[in-house]
Amino acid sequence: MTSSASQTSASGPHDAYFNTLQQALHHAGIAWPSVVIDRARMRRNAVRLKNLVAPTARLRLVEKSLPVPALLDEAMALTGTRALMVFHEPQLRQVVQRYPDSDLLMGKPMPVLAAQHFYRHRPDSSFDPARQLQWLIDTPARLQEYLQLARGQDIKLRVNIEIDVGLHRGGVADPSALRALLDQLRKAPGHLEFSGLMGYDAHVGKLPSLLESRDVGFAKAASMYRAFQAIARAEFPELAPTLCWNGAGSPTVALHRQDSPLNDVSAGSALLKPLEFDIQPLAEFEPAIFVTTPVLKAQHGTRLPGPSWLSKLLYSGRASRARSYFIYGGGWPAEPASPAGLVLNKQFGLSFNQSILNGPHAPALAVNDSVFFRPYQSEGTLLHYGPIRVIDDGQVVDEWLPFGEI
Ligand SMILES: Cc1ncc(COP(=O)(O)O)c(C=O)c1O
């Protein structure tokens, strides 16, 4: 740590929490853009998540939101689940290899060529797709493609049907569409096996409450899950002994604690609580993922290229533009989080190399101080910015690599 860094961290533009993170990074000599996970917070969130799941349901961790093997290891152990939801064929192969005892449900309908690729290139592992993997199907055409794949390879595919419970992102939207798919399935018993229904209700609670409250949105989604399940149960009893009724997601997993139609609930992001998950049902969860980078240049005022009157017109007298900071890197899908009062400067333009932030006179950052951002989501952030620095008890204790594009 340089003497100027130790002075600035001692005087403290950050609160105690971010000051500790900054010191851990400086101590480890990390002075370039990095993604940070606070392990203690993540672990507490995992326990919170586990406690949110009703005894009648199984938690299915959303792998795409935690696409880091060491992170998934911890998350699965702490929440006591081997069930994962997977969204990407290269990650599917890596998951199968790492967790041969896992139970996998695809979170989106995969192109049949991707499914075919999985069977042609799946790793040598005791994982048995005919028992442990459910493919997601949304239309009769896709089901037909999967049937041809199963016949061609002489294998059995387990098929879960995507239902639309109000998000309107596809999936069957009415009883006749579900019946048509179930009929098709019934006619291909050797090669296709119906394994359940999957809905996603992330729209619940997102509308302005005057338009639709969270409670009303949830009740509507729950009744749609139930209506689709009732059709499968009543009209196709021979298909429905041990089905997977999946749904939820971090925004609604807490709502599914009571009186839920689901026996299988998905959630992932809640463990790290990126910015988009600052919502009332997750109020007790703690943000555990940040992007951090050092300040390279700290200046008074804000000056755009070109005539100086333009900068005066735009910025003079504006407290939030009293200082400018050029930072190492930028362009992340994230918002400044610490120190308080930092804003992106859209007029200066986007840079992935040295981007500009503005801030007030106080708290002021100095060169070499760290800036912390909160990413909007964990999925992209964890995949694209190199090894993840794991901080615990004021120290960088580990570096975790995400799944690769293999
Ligand atoms: C089908 C499905 N279920 C659940 C989730 C929830 O994931 P998370 O808890 O990470 O928001 C997602 C997220 O995209 C999803 O697409």
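The values are calculated or read from the model by the stated rules, or taken from the named source; none is laboratory data. Keep in mind that this is a model prediction, so the values were computed, not measured. So basically every Cβ, Gly included, is an ideal-geometry build from the backbone, and we count neighbours across all protein chains shown. Surface areas here come from the heavy atoms of the whole protein model, side chains and all, with no ligands, DNA or RNA. Shrake-Rupley method; radii C 1.70, N 1.55, O 1.52, S 1.80 Å.
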A202 fails exactly one of (1) part of a helix (DSSP H, G or I); (2) within 19 Å of V253 (Cβ to Cβ), namely (1)
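Would you confirm, using the coordinates I've provided, whether F218 is in contact with an Asp or Glu (Cβ under 9 Å, 6 or more places away or on another chain), closer than 20 Å to Q280 by Cβ and aromatic (F, W, Y)? Reasoning before the result, please.
Details: in contact with an Asp or Glu (Cβ under 9 Å, 6 or more places away or on another chain): yes; closer than 20 Å to Q280 by Cβ: yes; aromatic (F, W, Y): yes.
Yes; evaluated as a whole, the condition is true for this residue.
Regarding region 242-259, can at least one residue be identified that is away from the ligand (no atom under 14 Å from the Cβ) and modelled with pLDDT of 95 or more?
Our first condition is that a residue be away from the ligand (no atom under 14 Å from the Cβ); within region 242-259, this holds for 242-243, 257-259.
From what's left, modelled with pLDDT of 95 or more: none.
There is no residue in region 242-259 that is away from the ligand (no atom under 14 Å from the Cβ) and modelled with pLDDT of 95 or more.
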Can you find even one residue in region 335-352 that is modelled with pLDDT under 95 and basic (K, R)? yes
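Working only within region 192-236, note down all residues that are among the acidic types (D, E) and crowded, with 21+ Cβ neighbours inside 10 Å.
Looking only at region 192-236, we keep the residues that are among the acidic types (D, E), and these are 193, 201, 212, 215, 235.
Within region 192-236, D201 is the sole residue that qualifies.
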Kindly provide the set of residues from region 187-223 that are in contact with a strand residue (DSSP E or B) (Cβ under 8 Å, 6 or more places away or on another chain) and more than 16 Å from the ligand (Cβ to nearest atom), ordered by number. H191, L192, E193, F194
Would a scan of region 344-364 turn up a residue that is part of a loop (DSSP other than H, G, I, E, B) and touching a residue at least 60 places away in the same chain (Cβ under 8 Å)? yes
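Just the residues that are more than 27 Å from P333 (Cβ to Cβ) and surrounded by 20 or more Cβ atoms within 10 Å (Cβ to Cβ), please, taken from region 35-54. Step through it out loud before you land on a result.
Going through region 35-54, the residues more than 27 Å from P333 (Cβ to Cβ) turn out to be 47, 50-51, 53-54.
Residue satisfying the conditions is V53 alone.
Pick from K312, K220, K273: which is among the basic types (K, R) and within 24 Å of the chain's Cα centre (by Cα)? Working first, answer last.
Working: K312 fails: within 24 Å of the chain's Cα centre (by Cα); K220 fails: within 24 Å of the chain's Cα centre (by Cα).
On inspection, the qualifying residue turns out to be K273.
Working only within region 371-406, note down all residues that are farther than 22 Å from H27 by Cβ and open to solvent by less than 10 Å² (accessible area, probe 1.4 Å). Even if it seems obvious, please write down each step before you answer.
Of the residues in region 371-406, the ones farther than 22 Å from H27 by Cβ are 374-384, 402-406.
Listed by number, the residues that qualify are P375, S378, T381, L382.
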All-but-one check, A366 against (1) in the same structural domain as F18 (by TED's automatic domain parsing); (2) farther than 14 Å from P13 by Cβ, failing number (2)
Residues that are touching a Pro at 6+ places or on another chain (Cβ under 6 Å), on the phi > 0 side of the Ramachandran plot and within 16 Å of the ligand (Cβ to nearest atom): does region 287-298 have at least one? no
Kindly evaluate V165 against the criterion of being within 16 Å of the ligand (Cβ to nearest atom) and more than 22 Å from the chain's Cα centre (by Cα). no
Region 372-406, residues that are among the hydroxyl-bearing types (S, T, Y) and assigned to a loop (DSSP other than H, G, I, E, B): Y376, S378, Y385
Of the criteria (1) more than 16 Å from the ligand (Cβ to nearest atom); (2) surrounded by 14 or more Cβ atoms within 10 Å (Cβ to Cβ); (3) modelled with pLDDT of 90 or more, which one L239 fails: (3)
Within region 126-144, can you find the residues that are closer than 26 Å to A70 by Cα and surrounded by fewer than 14 Cβ atoms within 10 Å (Cβ to Cβ)? S126, D128, R131
